[in-house]
Number of protein chains: 2
Amino acid sequence: MQYYLDGFRAGDPDLKEAAPCRRAYSDFAPLPEKVDVLIAGCGPAGLCLAAQLSQFPEIDVMIVERKPGPMEKGQADGVNTRTMEMFQAFGFGEKVKRESYWVNQTAFWTPDPERPAHIRRIGRVQDVADDSSEMPHTLINQARIHELFLDVMRKSPKRLEPDYGWSVKDLTVDATTQDHPVTVTLENTGVNLGATHTVRANYVVGCDGARSNVRKAIGGTLHGDAAHQAWGVMDILANTDFPDIRQKCIVASEAEGNMLILPREGGYLFRMYVELDKLNPDERVAARNLTSEHMIAAANRIMKPYSLDVKEVVWWSVYEIGHSMTDRFDDIPEEQKETRNPRVFTAGDACHTHSPKAGQGMNVSMQDSFNLGWKLAHVFRKQADPNILHSYSAERRAEAKRLVDTDHKWARIMSAPPGESDLDGADMPRIQKQFIENLEFTGGLAVHYAPSALVGPDTHQALARGQIVGKRFHSAPVVRFSDAMQMQLGHVAEADGRWRIYAFAGAGDNIAKSSEIYKLADWLEKNPSSPVVRYTRADEDIDSLIDFRAIFQQTFDALAYDEMPSLLRPAKGRYGLHDHEKVFCADHKGAGDIFDMRGLDRERGCMVVVRPDQYVAHVLPLNGYAELSTFFAGFLRPV
Amino acid sequence: MQYYLDGFRAGDPDLKEAAPCRRAYSDFAPLPEKVDVLIAGCGPAGLCLAAQLSQFPEIDVMIVERKPGPMEKGQADGVNTRTMEMFQAFGFGEKVKRESYWVNQTAFWTPDPERPAHIRRIGRVQDVADDSSEMPHTLINQARIHELFLDVMRKSPKRLEPDYGWSVKDLTVDATTQDHPVTVTLENTGVNLGATHTVRANYVVGCDGARSNVRKAIGGTLHGDAAHQAWGVMDILANTDFPDIRQKCIVASEAEGNMLILPREGGYLFRMYVELDKLNPDERVAARNLTSEHMIAAANRIMKPYSLDVKEVVWWSVYEIGHSMTDRFDDIPEEQKETRNPRVFTAGDACHTHSPKAGQGMNVSMQDSFNLGWKLAHVFRKQADPNILHSYSAERRAEAKRLVDTDHKWARIMSAPPGESDLDGADMPRIQKQFIENLEFTGGLAVHYAPSALVGPDTHQALARGQIVGKRFHSAPVVRFSDAMQMQLGHVAEADGRWRIYAFAGAGDNIAKSSEIYKLADWLEKNPSSPVVRYTRADEDIDSLIDFRAIFQQTFDALAYDEMPSLLRPAKGRYGLHDHEKVFCADHKGAGDIFDMRGLDRERGCMVVVRPDQYVAHVLPLNGYAELSTFFAGFLRPV
Ligand SMILES: Cc1cc2nc3c(=O)[nH]c(=O)nc-3n(C[C@H](O)[C@H](O)[C@H](O)COP(=O)(O)OP(=O)(O)OC[C@H]3O[C@@H](n4cnc5c(N)ncnc54)[C@H](O)[C@@H]3O)c2cc1C
Ligand SMILES: Cc1cc2nc3c(=O)[nH]c(=O)nc-3n(C[C@H](O)[C@H](O)[C@H](O)COP(=O)(O)OP(=O)(O)OC[C@H]3O[C@@H](n4cnc5c(N)ncnc54)[C@H](O)[C@@H]3O)c2cc1C
């Protein structure tokens, strides 16, 4: 964690220096008339986007929420490893690690063949495969995640706060102007119930959930299907003699339906998803008047011979399984893509919903807006052409589609009668096999963006077999050269809208002037066709858009600082202080060798270009100067 | 981290439920007339004590500070591994790990024999020996440590805040009463300058630094010696061509003196200790009018051929080396020990001072008051006889003495001319050899309390060769049985004033009713002579004073919950919820086996009794019931 670059400041290092022009959030201060980005909804999608954009003092963000204040409990609770990696970049990964439940194992329970009315454990699976991510899979209530994002916003240069009690009622886009073309009507839901206020925005992002008004305003409709199966979910404080109560469990009873147990933060709380009634094709779940009492009774039937003694129902909800998504995640119809850039977007549940049990809803929603955030920032900072905004819908819709498909399959297996879901000849129940197959997916690690202006071709993939172009950058252990700090390379990436180029040195590279790393660093810093030279503003630090780092095969004590090219010890900030955190070495403490772990070509080395949202954009040879220039020229704007 | 035991509460889990009767801290609220404990001084010693005591709603604590508000910068910055372990117990270990500089390596620089006016690196030492502690040695400014303690206080049941702008002027102890026998005169140092207020306290702890008024009031005088050597210290933002600037360096020049470099939090800041002038025997350093300019000039001379380009001097100070301590750390003279219990204590710099360069001042001060805190809590909660308070001075004075002696030796070596401190025949410079020898000591790990009522004899030490009676409990990796969580066993210990008994199972113990662990747990829970039965109040949780945990040699999947004795799944809190975090297994993920790592007798197993301040109080066989009873009977009071 780097701070004090522009001088010492006492106190919490996460509290960023306040921007000079900030909105006043006092009770009687008027709402703004114009903003750069208006975000509808303080769910995971909206807050993740607001937290991201609040890092850029030049962007005026407003985030409105229909409810009177922050959420306190309920809804989603699964944070997959990919999202944890993102939280790390936002600076609260450690906090979540400390407070949350870690899903280390998932246990499978099915009817005991000897006594089919009783369940018994049939298998156990390590939930996060070794080295699939350096972060754990965690469970913690959605409200706490909201708070952590709110905290990032509050400590940002703009000290951003949500406007609670305002709902986006409608919006229109004026295609004839580029100056705040979106007009949004807000309606008060609080003390001034029904009062309206009009805001003009350059961009609007609808993170307003499944009943999204923003989606409706841009003509989006959710298509999908329902499984006509009612499920209940409850967060409870309870005692039980069920032995695996602090492990994630998937339970299939013989005749009483299925159940999912999710232990939660704090050591006592846990969640249960309980299968309730089959619905008729045209029936809505609400009609059944199901309550937490029904769920507790059903759980007790399913988990026989064990039982549940509930002390406090913290939260509960009943829902029916369904999947749906919209045709596009922005306001531009297919046929206008060439001529117009999007002004309005939807993210999260506003454009795709799925069964909650795969634990994807919150994760995918945040990943949506994390994908969009840096692109908007690039546009506002005039670093990129606004047409990159088309890539949001293209990239995220393909992922949502994949999610709905997988989720669909999984939901059917989860609701299948035990005969089908149990051992089908093999030594492992079908549900367990499917669960293992799904792990990369449920971890959020299967996301794979197709080649585009923002994702290069995989021509040189062989140079970095474990860093797949289009997938997330896969961290591995390194040791920082300057201070011998053992760490994860991926953790140098902050949610700061910057690109990263990791240059992995070839065999024997000792950073002499003739070495490939030296030449690359020198070219990047000085050559007129280098993206660093072309796209970095003169008044900003040299790493403000493209952050160059080098990783050597030697251990830290075998390198010398004297020879480093200046881009690897750049002078930054108002004092021109040297940044000593650009060079890394192979781990010497037994954590593993990054070159081996990630299939990096030891002989030739390579460059891995990583997007601000942590996805691998390109793999190139160390001398792939022309290809590197071409790639960035595809979407960045020269200064 | 366990929470929600008494029901779900939204928000930050570190924010404890507020106690019903709390002091109001509004601007015009009067100061209290009576308190249980009055702490003088908001330095590390005072804040650590206040943070500890604030966990107990039944204790009324007041902490006064002469200065008008919290410290912003300067003074100490070294947090040794032992203190980091304590921070972990206070809940902010991760925070410090994230924000601080980690001392991974220390480099040694001495004159180059070929060009003696130039320095060159002669050696490097890994700063924290492998497995000496699971925590790193860190550097971070003292003010930030203050804030983290203040945060713990603020979030405690009492929402404790310091009273700034009040100085302890004097105090008297009335030996004839047990009801608030200490009368303290406070003097205002702020807007009501000179105004006084009288408070009566049951106990007063002088954490009021080297010029302590509390010490003076109880007749303590600092004895010591001075080395007549001026040193400067400065925290700076600077550039340099010195290659090891982000490693801790000990630099000896040929003729310009010695210097110490300490990189600091945030990646840019660093501290330099620079040797300045030799002083005459009767001269005070203040007379020399030395400033940061002198330090910078001296540093540039010492570090030739490298140089320093200072951009911002954040803080600086000039001091002379000296060591001193008082004869006792409480108000009871030797000859009255049998007849009176202490009412007034001093801690930290108030009773011992030393050269800052060994980085011990802040650490030892906090360890002082951490030693005292739980003893005071035991007395207030009527769990122990007040005579245990004598042990504070006995234990901490012996440690302070050891510190002064080691520090003394080290300061001379650091100030020795390079001829002497350099290679003396061996292949390693003397200073490096001494540094390595000192590592256990500077890490704070050499503290070893002598046998007493609170530290048992080492009769059974052979059962746990790596958990030395009288030294701190040495953590090691385990896996929690209930949820397969890989963790450090030592991290179950919170700064909550509780004792811990770790029962390490012997070979083949499968928790059957006939097993040693089962029998021990059963005896502890039910036998009238068990300390759990004798000393735990009926209205409190069964683990509220003595927290029993068991560690098995099997991996988590080889144990079954059904057979656990109830003390290992106790019902707690207002709902009687089961606590699932009492049982641990050997690590199965390659982190190491705790039995091997800590020399635990695999055949017989053993019990390790650990004090609330994390020191090993006893090692016993699993059936050492009588010895266990006797030990606790030595100082605890039956309910
Ligand atoms: C009742 C419920 C139970 C759920 N249970 C689970 C579960 O058990 N497991 C699971 O994984 N997922 C569950 N989910 C889904 C999960 O919470 C979502 O997938 C996730 O929150 C999506 O995030 P989002 O930001 O897209 O939308 P949301 O979290 O829905 O956030 C949308 C926000 O926008 C606000 N809003 C709506 N309309 C407007 C408007 N016009 N103007 C301003 N603000 C508006 C809403 O009040 C809300 O705060 C549940 C969702 C709900 C609603
Ligand atoms: C100027 C200075 C520089 C230092 N530099 C270093 C360094 O470079 N490296 C290092 O390791 N250590 C350094 N130290 C020492 C280190 O800070 C101390 O060892 C450590 O702070 C001791 O903690 P303490 O709580 O015992 O006392 P202190 O930190 O001294 O705290 C005592 C507190 O009590 C207050 N106080 C004093 N008298 C009264 C009174 N009568 N009533 C109420 N409050 C009172 C003081 O204002 C102060 O806040 C330095 C100390 C000082 C003073």
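Phi angles of the range B:118-131 translate, via the Karplus equation with coefficients 6.51, -1.76, 1.60 and θ = phi - 60°, into HN-Hα couplings of 10, 8, 8, 5, 10, x, 9, 10, 5, 6, 10, 4, 3, 6 Hz per residue; Gly and Pro are given as x.
Cross-link partners of B:LYS589 among lysines, defined as those whose alpha carbon lies under 24 angstrom from its own and excluding same-chain residues fewer than eight positions apart: A:LYS95, A:LYS97, A:LYS248, A:LYS433, A:LYS589, B:LYS97. Ballpark to the nearest 100 Å², how much total accessible area do A and B bury together, probe 1.4 Å? The buried area between A and B, both sides summed, comes to about 5700 Å². With all protein chains kept in place, the per residue accessible area of the protein assembly as shown amounts to 36 square angstrom at a probe of 1.4 angstrom. Our estimate of slack between A:ALA226 and A:ASP174, defined as 0.36 nm per intervening residue step minus the Cα-Cα distance, is 15.1 nm.
The region of chain B that goes longest without hitting one of the chymotrypsin sites (Phe, Trp or Tyr not before Pro) in a DSSP loop, each with at most 14 other Cβ atoms within 10 Å, is B:29-639. On the principal axes of its alpha-carbon atoms, the range A:149-211 has extents of 38, 30, 23 Å, going from largest to smallest. Over the range A:198-307, Cα pairs under 8 Å with separation of 6+ residues give a relative contact order of 27 percent.
Largest to smallest in accessible area, the residues B:MET428, A:MET295 fall in the order B:MET428, A:MET295 (1.4 Å probe, all protein chains included).
In chain B, with Lys and Arg counted as +1 and Asp and Glu as -1 at Cβ, which of these residues, B:ALA550, B:GLY444, B:ASN300, has the Cα nearest the positive end of the dipole, that is, farthest along it? Going by the Cα projections, it comes out as B:ALA550. With only Cα atoms counted, the protein assembly as shown has Rg and Dmax values of 32.0, 98 Å. So which trypsin sites (Lys or Arg not before Pro) in the range B:204-236 are both in a DSSP loop and have at most 15 other Cβ atoms within 10 Å of their Cβ? In loop regions of the range B:204-236 (DSSP not H, G, I, E or B), the sparsely surrounded trypsin sites (Lys or Arg not before Pro) are B:ARG211. Within the full protein context, the accessible area of A:LYS34 is estimated at about 100 Å² for a probe radius of 1.4 Å. Exposure check, 1.4 Å probe, all protein chains in place: B:THR339 carries approximately 110 Å² of accessible surface. The chain A residue nearest the rotation axis shared with chain B, using its Cβ and rounding the distance to whole Å, is A:GLU94, 2. For B:THR183, the point set 7 Å out from Cα toward Cβ sits 7.9 nm from its twins in the other copies, listed from shortest up.
Phi angles across the range A:308-317 convert, under the Karplus curve 6.51 cos²θ - 1.76 cosθ + 1.60 with θ = phi - 60°, into 3J(HN,Hα) values of 10, 10, 7, 9, 8, 9, 6, 6, 8, 7 Hz, Gly and Pro given as x. Remark on the range A:569-610: accessible area falls by at least 50 square angstrom from chain-alone to full-complex state for A:TYR575, A:LEU577, A:HIS578, A:HIS580, probe 1.4 angstrom. Ignoring lysines fewer than eight residues from B:LYS519 along the same chain, the ones with Cα atoms less than 18 angstrom from its Cα are B:LYS582. According to the square roots a ≥ b ≥ c of the eigenvalues of the Cα gyration tensor, what is the shape class of the range B:461-633, taking rounded for a/c under 1.5, prolate for a/b larger than b/c otherwise, and oblate for the remainder? It is rounded, given that a/c, with a ≥ b ≥ c, falls under 1.5.
In the assembled protein chains, B:ASP27 presents an accessible area of approximately 140 Å² (probe radius 1.4 Å).
Only helices enter this figure: runs of n ≥ 4 DSSP H residues, each worth -39500 (n - 2.57), summed and divided by the residues of chain B, yield -7000 deg cm²/dmol at 222 nm to the nearest 500. What a 1.4 Å probe finds exposed on chain A is 49% carbon and sulfur by accessible area, rounded to a whole percent. Contact-buried residues of the range A:1-34, at a threshold of 50 Å² lost accessible area versus the chain by itself: A:MET1, A:TYR3, A:TYR4, A:PHE8 (1.4 Å probe; DNA, RNA and ligands ignored).
Counting only residues at least eight positions apart within a chain, or on another chain, the lysines with an alpha carbon under 27 Å from that of A:LYS337 are A:LYS34, A:LYS169, A:LYS216, A:LYS375, A:LYS382, A:LYS401, A:LYS471. Contact with the other protein chains removes 20 Å² or more of accessible area, compared with the isolated chain and a 1.4 Å probe, from these residues of the range A:237-251: A:LEU237, A:ASN239, A:THR240, A:PRO243, A:ILE245, A:ARG246, A:GLN247. Looking at the range A:445-497, none of the trypsin sites (Lys or Arg not before Pro) sits in a DSSP loop with at most 11 other Cβ atoms within 10 Å of its own Cβ. Stretched out straight at 0.36 nm per residue, the stretch from A:GLU335 to A:ALA512 would grow longer than its current Cα-Cα span by 58.3 nm.
Between copies, the label points at A:THR630 (set 7 angstrom from Cα along Cα-to-Cβ) are spaced 8.5 nm, reported in nanometres from shortest to longest. Across the identical copies, the label point of A:ARG402 (7 Å from Cα in the Cβ direction) is separated from its matches by 5.8 nm, in order from shortest.
The 3J(HN,Hα) values that the Karplus relation (6.51, -1.76, 1.60; θ = phi - 60°) gives for the range A:450-461 are, in residue order, 6, x, 6, 4, 9, 9, x, x, 9, 3, 10, 3 Hz. Gly and Pro appear as x. Among the trypsin sites (Lys or Arg not before Pro) in the range A:528-600, those placed in a DSSP loop whose Cβ has at most 13 other Cβ atoms within 10 Å are A:ARG537, A:ARG574, A:LYS589. In chain B, the ratio of gyration radius to Kirkwood radius, Rg to Rh, stands at 0.98 when only Cα atoms are counted.
The values are calculated or read from the model by the stated rules, or taken from the named source; none is laboratory data. Just so it is clear, the model here is predicted, and its values are computed rather than measured. No Cβ is skipped: glycine too gets one built from the backbone with ideal geometry, and neighbour counts run over all protein chains shown. Side chains are part of the model used for accessible areas, which takes the heavy atoms of the whole protein and leaves out ligands, DNA and RNA. Shrake-Rupley method; radii C 1.70, N 1.55, O 1.52, S 1.80 Å.
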